[in-house]
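The values are calculated or read from the model by the stated rules, or taken from the named source; none is laboratory data. Quick caveat, the model's predicted, so the values are computed rather than measured. Cβ placement follows ideal geometry from the backbone for every residue including glycine, while neighbour counts extend to all protein chains displayed. Remember, those area values only see protein heavy atoms, side chains included, never the ligands or the DNA or RNA. Shrake-Rupley method; radii C 1.70, N 1.55, O 1.52, S 1.80 Å.
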Amino acid sequence: MAAAAAETASRRLGAAVRGLSGAWYGRHMAAAERAIRTRLPLVDLVLEVRDARVPASSAFESLRRRGPLEPDGRRFVVLNKADLADPSETEKWTAYMKKQRTCPCIAVNSHNRESIKELLNVVRSRIREIKHGERDCTGTVLLVGIPNVGKSAIVNAMHQIGRIGAADKGKLKHAIVSSHPGETRDISGYKVASHPNIYVLDTPGVLSPRFANDDSGPRLALTGAIKGSLLDEYDIAQFLLAVVNSREGYRSWENLNQAGDTSSSGNANTSRSHSKKRQYVSDHSQAVRQVLFETISSFKGDLGKEDELRRLVDRQFISLQEAFKVSTESSEDVGKSIALKLLNLYSTGRLGHYTLDHVPDVRQEVAA
């Protein structure tokens, strides 16, 4: 029932996304899409990078409109940011996609060396197959996807690992990596392997001005594919809290100790390194999780009702003001400040691991 009320919050944010009328899809993005489509028939392999938190919503629409020169046989789906998604849901998604699609699928964490090595080995193997086992051939790989799925982070990691193992080390190049969508503006090539020589083309993110369904907009707004400046951060944070309140994950925060971080995963391929966590200067994650656990578990209303869920969310924003140490005397909008801090915790995985897209029911698809 709480999930139904969360869907109402999703519809409210979805209406705001639809009101933008695809404002994120400007001339630069349209030009990038044309450039990508021109190169699709010319490369050996296409890596479609998606966000593991939204495996369906983050699909690259240009590939759905592919022509006869762009077969699935040259396509590989990469679910990046697996360290931010629910591991069990990621397993379900990879299994589903392998069964339902003719293209392979792999989940990765671009911040994990072993995960990138696995991806690089898969790419090498696929290029060898395409080139019929030739050792000294040259293969080209096109990296495509919507904004903010981590394409540049992947190509940087592949380039660095491949360069170490290459005889010709050359000069190390770096693709621009940012937490904000739309930072990559041009198509750039990077050598990632020798014998065979493999070059990866990093491309700008392209997000269709229209979505396949109404659920995609709010989920893409929350995961950062749509520029935050186009929407009210407070509305996005309200949707996030609706998601948290409708899931059972908060129950694991009951026994947080002084040093514990119950949201982290023990899997090497899905967890960020300890050095990465030490980079956070002001980590309010434990206090925030405690606040959310206390407000949800003590709430006596019916979360299946929209007005009751909104009442809980309003109460949580008041409690989070203290957890984030946001002063009421600040000249900034208090609600916006809390929302930005909360969304930052979510985007870095410190608020837990949430997969927003549900795996389709195969039985229902067959019946349809």
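Residues checked against (1) outside the structural domain of Thr138 (by the TED database); (2) within 16 Å of the chain's Cα centre (by Cα); (3) over 21 Å from Glu61 (Cβ atoms):
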{"position": "Gly189", "(1), (2), (3)": "no, no, yes"}
{"position": "Ala221", "(1), (2), (3)": "yes, yes, no"}
{"position": "Glu233", "(1), (2), (3)": "yes, no, yes"}
{"position": "Gln238", "(1), (2), (3)": "yes, no, yes"}
{"position": "Glu248", "(1), (2), (3)": "yes, no, yes"}
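Applying the selection to segment 118-162, what residues are of a type in the set (A, V, I, L, M) and open to solvent by 10 Å² or more (accessible area, probe 1.4 Å)? Selection gives Val122, Ile130, Ala153, Ala157, Ile161. For the structure I just gave you, tell me whether Pro87 is touching a Phe, Trp or Tyr at 6+ places or on another chain (Cβ under 8 Å) and more than 29 Å from Pro196 (Cβ to Cβ). Against the criterion (touching a Phe, Trp or Tyr at 6+ places or on another chain (Cβ under 8 Å) and more than 29 Å from Pro196 (Cβ to Cβ)), Pro87 does not qualify. In segment 1-24, of all residues being open to solvent by 30 Å² or more (accessible area, probe 1.4 Å) and of a type in the set (A, V, I, L, M), the one that is modelled with the lowest pLDDT corresponds to Met1. Quick check: is even one residue across segment 77-85 in a helix (DSSP H, G or I), at pLDDT 95 or above and hydrophobic (A, V, I, L, M, F, W, C)? So far as segment 77-85 goes, yes, one or more of its residues are in a helix (DSSP H, G or I), at pLDDT 95 or above and hydrophobic (A, V, I, L, M, F, W, C). Tallying residues that are in contact with a Gly (Cβ under 8 Å, 6 or more places away or on another chain) and not aromatic (Phe, Trp, Tyr) within segment 229-246 yields 2.
Taking the condition of being part of a helix (DSSP H, G or I) and open to solvent by less than 30 Å² (accessible area, probe 1.4 Å), how many residues in segment 220-232 meet it? Let's see the steps before the verdict.
To start, the set of residues in segment 220-232 that are part of a helix (DSSP H, G or I) comprises 220-222, 228-230.
After this cut, where a residue has to be open to solvent by less than 30 Å² (accessible area, probe 1.4 Å) as well, the list is 220-222.
Final tally of qualifying residues: 3.
Only a single criterion out of (1) under 16 Å from the mean Cα position of the chain (by Cα); (2) assigned to a helix (DSSP H, G or I) is not satisfied by Leu207, namely (2). Residue count for segment 105-156, restricted to those that are over 15 Å from the mean Cα position of the chain (by Cα) and part of a helix (DSSP H, G or I): 20.
Condition check: modelled with pLDDT under 95 and either more than 22 Å from Arg128 (Cβ to Cβ) or of a type outside the set (Asp, Glu) (or both). Does Arg65 satisfy that? Quick ask: steps written out before the conclusion?
Working: modelled with pLDDT under 95: yes; either more than 22 Å from Arg128 (Cβ to Cβ) or of a type outside the set (Asp, Glu) (or both): yes.
When the stated conditions are applied, Arg65 passes them.
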